[in-house]
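*Asks:* Below: one structure in structure tokens.
What follows draws every value from the coordinates through simple rules; no lab data is involved. All values derive from a computational prediction rather than experimental measurement. Counting neighbours? That spans all protein chains shown, and the Cβs are built from the backbone with ideal geometry, glycine included.
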Amino acid sequence: MTVTGDGGKRPHRFGTHLLLVMLLVTLPMIGLISAQDYQEVEGVLIAEERLLREQTEKSVMQSIHLVDAGMKLFDNTLNHELQDGFGPFIAEYERAGRDPGAMDLSRVQKELGGDTDLYIINASGVIEYTTYPPDLGLDFRGIPSFYDRITEIRLGDAFVADRILTEPASGRLRKYAYMPSPDHRYLFELGLICSAIETDRFDPQYQTLKKDLMQLNPALEEIRIFDCYGRLVNVTDSEGPTDPAVINPVALAIFEEKEGRTMTDPVTGRSIRYIFVDLSTPDYPSDTSRVVELIYTTVPLDARLTEMWFTHVLVAVFASLIACCIAFPVSRRITRPIQEIVDDVNTIARGDLEHQIRISTGTEFTHLEESIGAMVNSLKGNIERLRASEETTREYSTRLSDLVRERTADLEESGQTAALYLDIMVHDINNANTIAIGYTRFLIDALEGERQEEARKMLSRLEQSSGIIGSITTLREARESGAALTRVDLDRIIRTQIANHPAIRIRYGGQPVEVLADDLLFEVFTNLLGNAEKFGGRDVEITIRVEERDGEVLVSVEDDGPGIPDTMKNSLFGRFQRGEGALTGAGLGLYICRMLIERYGGSIRADDRVAGRPEYGTAIHFSLPKAPEE
């Protein structure tokens, strides 16, 4: 089956359209299902990645807390040894007359066994004297919380043990303890270096933690742990002690804010997660809290997402190919009965009305074929009836053509006769009126008194009759003229009409402007000026205004006569519409004006010279199309 297009377009098969429709429905559905499935898989992978990161961070915090708990157990075993060491320290302070500069700290260090360093911290929080030169001059005011705590200890009377800490310069583990001087001017500090055996047992290397977590989370690239100073804590055996001058500003800021932070680098595909592990306790001056830096990479996740995307694309392409393979035979099976019906109908359309429609499977197709057969039988009957009535129609058509020709000839003859009568009336009546007007004017000059007045009235009626004849002539010329509009000098026509009315005052200050009109344009001004003079008398004053606006010319003819009532303004330009009073004419003058203006493509209306005051005079406004620039 084909569909015939308009304008010479190539016909298209219905089967092709059906196949395209099936593909346009199936392929987007396959694409939509694949896209939705990919989005679900993407969401699952991202959620798994997020959950794995959360588990990694929880494991880091739990492991650091476990290491810190073990360190606390080791701390308590050294408290008694350090408390006994303050006896020789204070004795030397008393021997030197409480002058730290006179104390022999080296002798006291040897007395304590040589593995303990001595520190004297002044009231400003600065290590003023020590047996450990790298810490000489260390100012604790940079750590406000720690400075407040050691100041509290210096002003008290109790022995206070601190935590085991990693020494910044050497990386060794050292146990610290504090005791105020008897005069509370200084704070004495002892730093016991842990033995090698103790260091092996309790040094928090975190090496095992790092290996386990990186095996658990493939996206984890690196783990680094920082202390309260923002310095890197030794993570593996291969990494040496951290230089105290090297400080991570981000880790230091997180330690001060005590809140985690996440930073992402889209260029490298890395995500850096900082976690604050709070290990502080009110029992110890030092804060052993840690800042853990976890460096993740999105490369494994991106690789999995890319793999899933390619998989979904391949599945969608494969499904589309299968859909195409299925759609073709299905469309052929659906359109085959229709094609058979189309072939049969085409055979019948070529004139073989006896051709039988083939019966196909399917109830709908069977009903369609039966309906087509019934339609063909009905068509046979209609053709016979049409042939029978064709001759009758031809006879009626012949008689109607003859009748139309007769009526047309009669109308043409009637029109010519009417035109002849009109020419005779216009010519002969106008000649008679002209002669009568001449004799009447002679009588007016010859008579006096009442008879002279009667002669004047007769002259007025004769002039009115002549005006009617002139109006009829103008109407006839306007209706029969089929000439195109031409360029007309509006200014010249206005000035000519003003010259034809020397007895009345007319104000006009226009300038040359050309409009589209014909030779009858002067009749508009003849009628308007004549009406103003007739109804306003010889004392009337007329003003003509011309204005150019938006491709047209607006003309106003205003007078200060008796004006036009509002009830007559809308019907004033109608055919045979007369005014009120004794001076009314035949009612054709303004009708001629409207007919000519509308023929030129303009409009005309009547208005008050003074808005809202009809008794102050009339203003006739009309528009004319402006002639285009040459």
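*Asks:* For a Förster distance of 30 Å, can you work out the FRET efficiency between the beta-carbons of Val299 and Gln36, rounded to the nearest 0.05? Before the final figure, lay out the partial values.
*Replies:* Working: r = 26 Å, r/R0 = 0.87.
Rounded to the nearest 0.05, the efficiency is 0.70.
*Asks:* Could you sort the peptides 486-494, 96-104, 518-526 by per-residue average Cβ neighbour count (10 Å cutoff), highest mean leading?
*Replies:* Details: 486-494: 16.4, 96-104: 12.4, 518-526: 19.7.
Listed from highest to lowest mean packing, they are 518-526, 486-494, 96-104.
*Asks:* Between Ala349 and Cys325, 0.36 nm times their residue separation minus their Cα-Cα distance comes to what?
*Replies:* 5.1 nm
*Asks:* For the stretch 84-178, which GluC sites (Glu not before Pro) are both in a DSSP coil and crowded by at most 16 other Cβ atoms within 10 Å?
*Replies:* Nothing satisfies the criteria.
*Asks:* Note down the nm distance, to one decimal, between modelled labels 7 Å out along Cα→Cβ at Lys380 and at Ser556.
*Replies:* Here the answer is 8.3 nm between the modelled labels.
*Asks:* Over its Cα atoms, what ratio of radius of gyration to 2.2 N^0.38 Å does the stretch 79-148 give?
*Replies:* For the stretch 79-148, the normalised Cα radius of gyration comes out at 1.15.
*Asks:* Work out the FRET efficiency for Asp148 and Thr262 from their Cβ-Cβ distance, taking R0 = 41 Å, and round it to the nearest 0.05.
*Replies:* FRET efficiency, Asp148 to Thr262: 0.80.
*Asks:* Please work out, to two decimal places, the log10 of the ratio I(q)/I(0) at q = 0.09, 0.20, 0.21 Å⁻¹ from a Debye calculation in which every Cα of the stretch 483-625 carries one identical scatterer.
*Replies:* For the stretch 483-625, the Cα-only Debye profile gives -0.25, -1.33, -1.46.
*Asks:* In nm, to one decimal, how far is the Ser371 label point from the Asn500 one, both placed 7 Å along Cα→Cβ?
*Replies:* The two pseudo-label positions are separated by 7.5 nm.
*Asks:* Also, I was wondering about something else. With the cut-off at 24 Å, tell me which of the pairs Lys58/Lys210; Lys211/Lys258; Lys534/Lys569 have Cα atoms farther apart than that.
*Replies:* Correct reply: Lys211/Lys258.
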